[in-house]
Structure formats: C-alpha cells, structure tokens
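Q: Please find one structure pasted underneath; my questions will follow.
The values are calculated or read from the model by the stated rules, or taken from the named source; none is laboratory data. Worth saying up front: this structure is predicted, and the values here are computed from it rather than measured. In this analysis, Cβ positions are derived from the backbone assuming ideal geometry, glycine residues included, and neighbour counts consider all displayed protein chains. Keep in mind that these areas ignore ligands, DNA and RNA; they rest on the heavy atoms of the full protein, side chains included. Shrake-Rupley method; radii C 1.70, N 1.55, O 1.52, S 1.80 Å.
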Amino acid sequence: MYVAHDITCPGCGAPQEPGNKICAFCGRPVIITSFGAMDSFTLPMLNKYASSYRKTLSEDPDNVAAGISLGMCYLKLKLYPKATEAFEKAMESEFDNADLYFYAAIALLGGKKPFLAPRRDIDKLESYINAAISIEPKPIYYLLWAYVRYDHHFRKSFRVTPDYAELLSTARESGLGSGDTDALFSVLGTPVPEVFNA
C-alpha cells in the first residue's frame, strides 16, 4: 500500500508542503528537475541531498520526484551507472517526461566522449534521444544527437541519416541558443567541438 511521507528540505531539513519545489526557509530546491539547479552546490551539499533522497526512497519507494532528484545528484557526482538506473526507474512512471530520456542518454555516456562509447551504448542512447524528441522536440535534444553523430559516427566514418550536420541545423532552426550549447556541454563535461561553434 502506498504511504505518503512528510517532505523535508534536503538542504536545511525544514518541513515542506507537498508540491513545494523551493524551500520557503532556505530558498534551495526541494526537488531537482534540472542539472543547472545544482550549479552552486558544493560536494558536501550534493552528498547531503543524495542522502536525503535515498532516505525518502527507503520510506517511499514510489516517490518519483525523489527518484528523479537522486538521479540528478548522481549525474552531478559523476556516478553515471547509478544515475542511469535512477532515471530508468523513474521512466516507468514518468514515461512521458522527455527530460528523463535526455538525462539518461547523457548518463549512458559515463562522462566519456561518444567516440569512446561501445556501439550498444550508442544505440541505446540514441533510442533515448529519439524518445525525448518524440515527446517534446527541444533544440537541446537535437544538439545532443548531433554531438553523438559527430563524435561517434562521423569521426569513425560511419554513414548515417540524419548526419550530425542535418541535426545541428535542425537544432538551430528549432531555436537553439548559446545557453543551450553551454548547458549541454557543461553536463557532458566536455569542450564544445569547434565545428559546433561555426
């Protein structure tokens, strides 16, 4: 049987109303839905948040918000297999949440460039990107796909359709901004390829 548990802020421990995304006491996120939300987090703070979400999930295993937030913490901590597992579990309930597929695809790279990833991981990653695009075609999703097609397929001389140039063009036509590019490569932890700055 599903049991709802009290929600507390992972940052300061203050009790929260259900649905609160920002703590009314300390102003920090209660749940984390984007990588950028953790930009100012120190390593001890990240670990504190991850510990809080693990505790919540031990009491309430079906708490999807805590599962997604934990996945984000793991991604920031570079614990990629754990991040992938958390995002994939959240997909079971939030199957129409495009960002979950996007972040799961990033976690599958394991902090490496696509060139170094095994083909089976690239295939799975591309299936996640396609799922994200089919739900909500955001420019940043096309940018990630373009990067994978450039660094893995183009650099290894694999012919694919669409190729990275077509996908990059689609991303730009869809409203890609420099902030999107900076955000993506910040999460990936790799420099922006020169060809993407042209």
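Q: Quick one: ranking Leu77, Leu188, Leu43 by accessible area, 1.4 Å probe, largest first, what do you get?
A: Leu43, Leu77, Leu188
Q: For segment 89-137, which trypsin sites (Lys or Arg not before Pro) are in a loop by DSSP, counting at most 15 other Cβ atoms within 10 Å?
A: Lys112
Q: Next up: Could you tell me which chymotrypsin sites (Phe, Trp or Tyr not before Pro) in segment 82-158 are loop residues by DSSP with no more than 12 other beta carbons within 10 angstrom of their beta carbon?
A: Filter output for segment 82-158: Phe95, Phe158.
Q: Another question about this same structure. Report the GluC sites (Glu not before Pro) located in segment 1-107 that are in a DSSP loop and have at most 13 other Cβ atoms inside 10 Å of their Cβ, or state none.
A: Glu92
Q: At 1.4 Å probe size, with the rest of the protein present, what percent of the exposed accessible area of the chain is carbon and sulfur atoms?
A: C and S atoms contribute 53 percent here.
Q: Additional query: At 222 nm, what helix-only mean residue ellipticity would the chain give, in deg cm²/dmol to the nearest 500, using -39500 (n - 2.57) for each DSSP H run of four or more?
A: On the way: 8 runs with 101 residues, N = 198.
Using -39500 (n - 2.57) per qualifying helix, the result is -16000 deg cm²/dmol.
Q: Same structure again: Give the residue from Pro191, Met91, Tyr141 lying farthest towards the positive end of the charge dipole for the chain; charges sit on Cβ (+1 for Lys and Arg, -1 for Asp and Glu) and the dipole is referred to the Cα centre.
A: Pro191
Q: Dipole of the chain, Cα-centred, from +1 at each Lys and Arg C-beta and -1 at each Asp and Glu C-beta, to the nearest 20 debye? Before the final figure, lay out the partial values.
A: Values: 20 positive and 23 negative charges, 158 e Å.
It comes to approximately 760 debye.
Q: With the cut-off at 1.5 for a/c, could you classify segment 149-198 from its C-alpha gyration tensor as rounded, prolate or oblate?
A: oblate
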